[in-house]
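To start, the structure under review is shown below, and the notes come after it.
Since every read-out is calculated from the coordinates, none of them should be taken as a lab result. Owing to the predicted nature of the structure, the values given are computational and were not obtained by experimental measurement. FYI the Cβ positions are ideal-geometry reconstructions off the backbone, even for glycines, and counts take in every protein chain you see.
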Amino acid sequence: MSIETVATQPIPGQKPGTSGLRKQTRVFMGPHFLENYVQAIWTGLGGAAGTTLVLGGDGRYFNDRAAQVVLRMAAAEGVSKVIVGQDAILSTPAASHLIRSRGADGGIILSASHNPGGHDGDFGLKYNGANGGPAPESVTEKIFAATKTITEYRILAAIDVDLSTPGTHRMGDMEVEVVDPVADYADLMETLFDFDAIRALFAGGFTICFDAMHAVTGPYAKAIFEDRLGAPAGSVVNGTPSPDFGGGHPDPNPIWAKDLVDRMMGPDAPDFGAASDGDGDRNMIMGRGIYVTPSDSLAALAANATLAPAYAGGLKGLARSMPTSGAVDRVAEALGLDCYETPTGWKFFGNLLDAGKITLCGEESAGTSSDHVREKDGVWAVLLWLNILAQKKQPVAELMAEHWAKFGRNYYTRHDYEAVDTGIADTMVAEMRVRMRDMPGRKAAGLRIESADEFAYHDPVDGSVAEKQGLRFGLEGGGRVVVRLSGTGTVGATVRVYLERLETDPGKLHEDPQEALAPIVAAAEAITGLKQRTGRTAPDVIT
Ligand code: G1P
Ligand code: ZN
């Protein structure tokens, strides 16, 4: 087998976003696109010869082909060994765990997360480091720089490696170990949670519906909830992964997981409902008749985590991304814990977790996790909820009512405007950046603006600074508006408007969030002029 050196040239647009490089599938499949980026990863890392890497993806269209290309390029680079999930499948948290448990130097995850898949959908590729977490910006910047100067890439001329069964193969001088994608991860979960208590919960008639959304978590959820924990067969729905996620949008929120929401709000709802996304790192939590916002879920998990064996000794600290609601801050205060505020994107939690400053963290975008891996983890979040419910023996709605009565309720919603003209979005942000200096003291739709700034993060562990991480506006009465542009979209700009208001009046804890937030929504429009600028009348997605 020989190594081919292929002449190439930089391809514009290979800048990694919030979570790796994401593009339309057909862009990724274009000539040299994938190869250029993989070579840029090797360059950005200062070479990968002699290393051990983990490789897997969420099974979306092109996952299998891309994996073979990565393997041939790894062999050409001189990588010693690649540990690959069977059929090139690994959920993102399972990949993170495998990197850590096998002491690998890093890994490549093939996924565009919750973006639709298929030839007309999206594809993505992300590099994670030896801690199992997404590469920090210092690394992604080097990778991006390499994409701009590339002149050639190297690839082994070889036939495909058989990834269909566990076992060990050779590709040139490189070892390829194919592993069961589920087993190690499921074993890890057993070490964290009281499986006996959860088994007893199910044995007592507790019912669950887990919607895997035709994505990667199906096999994980079946193995853990049905096989190991005894939930009845059929508790996992849409559990067979498909390359285009059944033609759906594998994003677990009330819009895209509407079937589950309807079921949970209906007369024969199970006790607990959950969904996860394309690559298994996101989660949506529901109880009978109640949707738990991700921000509230993080707060409730933090407040009750010590009921699970892994966290029984107490939590080191907590963290949330800046746009996530302040609900978890109130729990941290009550528990006497530090609570860190990081920019959007899981990579910013890595240092805090590695340094032992936090145990649990999360984002409003349906991501929650702990220090057991360095990614968010959908199945883990569901298991922690189940462990807590097994101990507290109460319905989700009752648990949340008690939580709000104790800590207050941070009413929260996010309004997304998708495929907005990039020029309009950039101009809006640029103008607000200037205007916001004079905003404090003025009124927006009748509410006094108390503060206005652009979030910059000073990492307390390595001192790095991340600037321009979202515009924040504090309003009288504890309201908040945050505006930022998505870093994961692939068409035009997605403008995200995050809206929040704290309510502590015991008589006002059970209102409709959109109604409770109507004054904040009006203030947001007065501040941004978003609808007026875009001609839109309503958001595309409300979560
Ligand atoms: C979105 C979410 C963010 C999450 C990321 C990857 O990024 O908002 O919280 O970490 O997806 O799942 P965004 O599109 O807002 O840049
Ligand atoms: Zn994801």
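Return the distance in nm (one decimal) between the two label points of a simple spin-label model at Arg26 and Val491, each offset 7 Å from Cα along Cα→Cβ.
Going from the Arg26 label point to the Val491 one covers 1.1 nm.
Just tell me which lysines come within less than 27 Å, Cα to Cα, of Lys126; anything on the same chain fewer than 8 places away is out.
Lys15, Lys23, Lys81, Lys142, Lys148, Lys222, Lys347, Lys357, Lys376, Lys468
On the first, second and third principal axes, largest extent first, how far apart are the outermost C-alpha atoms of the chain in Å?
For the chain, the Cα spread along each principal axis is 73, 59, 41 Å.
Starting from 0.36 nm per residue, how many nanometres of slack lie between Thr8 and Asp426 once their C-alpha separation is accounted for?
Result for the pair: 147.3 nm of gain on full extension.
Where both residues lie in the range 236-387, what percent of DSSP beta bridges are antiparallel, nearest 5?
65 percent
Could you tell me, in Å, what Rg and Dmax come out for the Cα atoms of the range 392-464?
Considering the range 392-464 through its Cα atoms, Rg and Dmax are 19.3, 53 Å.
Report the charge-dipole magnitude of the range 294-407 in Debye, nearest 20, computed about the Cα centre from +1 at each Lys and Arg Cβ and -1 at each Asp and Glu Cβ.
Value, rounded to 20: 200 debye.
What net charge is computed for the residues neighbouring Gly106, neighbours being all others with C-beta under 15 Å from the C-beta of Gly106, Lys and Arg scored +1, Asp and Glu -1?
Spelling it out: positives minus negatives among the neighbours equals +3.
Tell me the label-point distance for the pair Gln391, Arg448, using the 7 Å Cα-to-Cβ offset, in nm and rounded to one decimal.
Reported label-point gap for Gln391 and Arg448 is 4.3 nm.
Starting from 0.36 nm per residue, how many nanometres of slack lie between Asp196 and Asp540 once their C-alpha separation is accounted for?
119.5 nm
Which residues does a label at Glu177 reach in the range 92-127, if reach means a backbone N under 17 Å from a point 7 Å past the Cα toward the Cβ?
Flagged as within label range: 94-108.
How high is the relative contact order of the range 210-356, in percent, with contacts defined as C-alpha pairs under 8 Å that are six or more residues apart?
17 percent
Taking the mean number of other Cβ atoms within 10 Å as a proxy for protection, how do you rank 308-318, 373-383, 102-112 from highest to lowest?
Ranked from most to least packed, the peptides come out as 373-383, 102-112, 308-318.
Where does each of 398-409, 243-254 land if you order them by average Cβ count within 10 Å, highest first?
Most protected by this proxy first, the peptides run 243-254, 398-409.
Taking the simple approach of a point 7 Å from Cα along Cα-to-Cβ for both Ala456 and Lys142, what is their distance in nm?
Each label point is offset 7 Å from its Cα along the Cβ direction, giving 2.5 nm.
For Gly44, what charge total do you get from the other residues with a beta carbon under 9 Å from its beta carbon, if Lys and Arg give +1 and Asp and Glu give -1?
Taking every other residue near Gly44 into account, the sum is 0.
Length gain on complete extension for the stretch Thr168 to Lys531, per 0.36 nm per residue less the alpha carbon to alpha carbon distance?
Gain on extension, Thr168 to Lys531, equals 125.0 nm.
Roughly what % antiparallel, to the nearest 5, for the DSSP beta bridges in the chain?
The antiparallel fraction comes to roughly 70 percent.
How fast does the range 119-169 diffuse by Stokes-Einstein, in µm²/s, taking the Kirkwood radius from C-alpha pairs at 10 °C and 1.306 mPa s?
107 µm²/s
Which whole-number percentage describes the relative contact order of the chain, with Cα contacts under 8 Å and a sequence gap of 6 or more?
Value for the chain: 13 percent.
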